[in-house]
Structure formats: C-alpha cells, structure tokens
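This report refers to the structure that appears directly beneath it.
Please treat every number below as a calculation from the coordinates, not as lab data. Keep in mind it's a predicted model, so treat the numbers as computed, not measured. Backbone-built Cβ (ideal geometry, glycine too); neighbour counts: all protein chains shown.
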Amino acid sequence: MRGVRILFFSLAALIAGRSVFAAPREVTIFVSSHGWHTGLHLPVAQLRSQAAFPLPAWAQSYDWIEVGWGAREFYMHGRPDPVLAARTLFTPNLSVLHVVGVPGAPGAYFPRAQVRPLRLEPAQFAALCIKLGTAFERDARGAPVVLGRGLYGDARFYAARGSYYFPKTCNVWTARQLRDAGLPFCPALSTASGAVMMQARAVERRQKAARIEDGRWQRAQRPGP
C-alpha cells in the first residue's frame, strides 16, 4: 500500500505541474587571472563525485583546487626568463598541469588576482571534469604523473598531454576547456589572459541576467493571495 500511495502522490504532483524530484543544482566554478596566466578553480566537494577527474588524495581536505596548464620548462622554472619565454613561444614544448589546494574562497585566497564566478549545469560540470581528466598524462597504472612541488601554497606539477606552442597558450587552453563544457568562449581569440577574463565577465553578466529573469517568471507563476 505504501508504494501505491507514493505513486499516487507522485502522479498527482506531476498533473499539478510540479516535479517530485528536485532540479539538479548548478555548480559554481571560478576563472582567475594572475596577470599573464589564467586558471580554473573547481569545488572539491563536487569533484569527489566525478570519477573522470583524478582528484589527488592530498587535495581532499581543501575547499577548492586551482588547475592551470602551460609549457613544462617555463612553468616549472618559476622565475621570469625572457630567453626561455621566447624559446617556449616559438618551439613546441612538453606541457604541464599545475594543481593548487585552495582553502576558503578563491577570491580571498588570491586577493590580487582577477576572479570571476561561472555557473555550470551538472552536465556541463561533468563534461568539464572529463575534459580536464584527459589532460593528465598517466603512468602504467593509470595514475597521474607527479613532476614535483608547485609554485605556491600546497601545489603539485603533473605531466600533461599535448604540446605548448604559440598561439596554443595557457589562456587558449583555459578557454577551450570552458568552450568544450558548453560555455560561449572562443579559444581562437584567447591568447591573452585579458581576453579570457573579458569573456568570463560577459558570461557572468549573461548568467546573472538569466537568473533575474527566471526569478521574475517564477514569482509571476505564484498564485495570488
């Protein structure tokens, strides 16, 4: 009888125009710029359910992780070097991923960086995790290959797939991840970090406007007193 009652109330709710299941919640991520370089900030709580992304054990205790991609030799060098920068731009290089554990809000942890929030549907977030997961080079056991400590905070460098060369910059890589997740980013126009952040601000404004309009529509559907 209990099963019959559940079925009855479910059908009644659907007939009344209400879903008995909660709508999947959007996932907020952040895009950041540290000047010349952009990265993605992903919530660890949501990453735990994404098997496609190899969330490292050391990062499990953090609220967010920052993921960036770049030329292996230059990125891991850690200090400005004009000669190395020029060679990196015009000669194909091995690539690397930089993963940083971020406690608390990314904007508070990186107060001097530009940090913009973007909202992804669950399917978009899953697509982003799959795309990022394929960027890691794997060893014979299928585990990501650690190359060493990162540049700041609690961070690691990981071997990445693909070559770095101009115009395939770190910023183009960031835009491509977001485009492939279903957001309106144009990698071809994203060689500079400013171009990525300009697109991020445009998407953020569009998403805010859509939420305001959706809120108005929902209020208009409510029955009057």
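Observations, loosely collected:
- Listed by Cβ neighbour count within 10 Å, with the fewest neighbours leading, Val146, Val203 appear as Val146, Val203.
- Cα gyration tensor shape for region 141-204, rounded if a/c is under 1.5, else prolate or oblate: prolate
- Remark: region 110-225 carries a charge dipole of roughly 300 debye about the Cα centre, counting +1 on each Lys and Arg Cβ and -1 on each Asp and Glu Cβ.
- Region 35-64 versus region 122-199: alpha-carbon centroid distance in Å: 12
- The alpha-carbon positions of region 23-215 define a convex hull whose volume is 119 Å³ per residue.
- When +1 charges are put on Lys and Arg Cβ atoms and -1 charges on Asp and Glu Cβ atoms, the dipole computed for region 23-215 relative to its Cα centre reaches about 180 debye.
- Burial ordering of His34, His77, His98, His41, fewest other beta-carbon atoms within 10 Å first: His77, His34, His98, His41
- One decimal place: the segment Ala51-Glu204 gains 52.3 nm when fully extended, by the rule 0.36 nm per residue minus the C-alpha distance.
- Mean separation of Cα contacts under 8 Å, 6 or more apart, over the residue count of region 23-215: relative contact order %: 26
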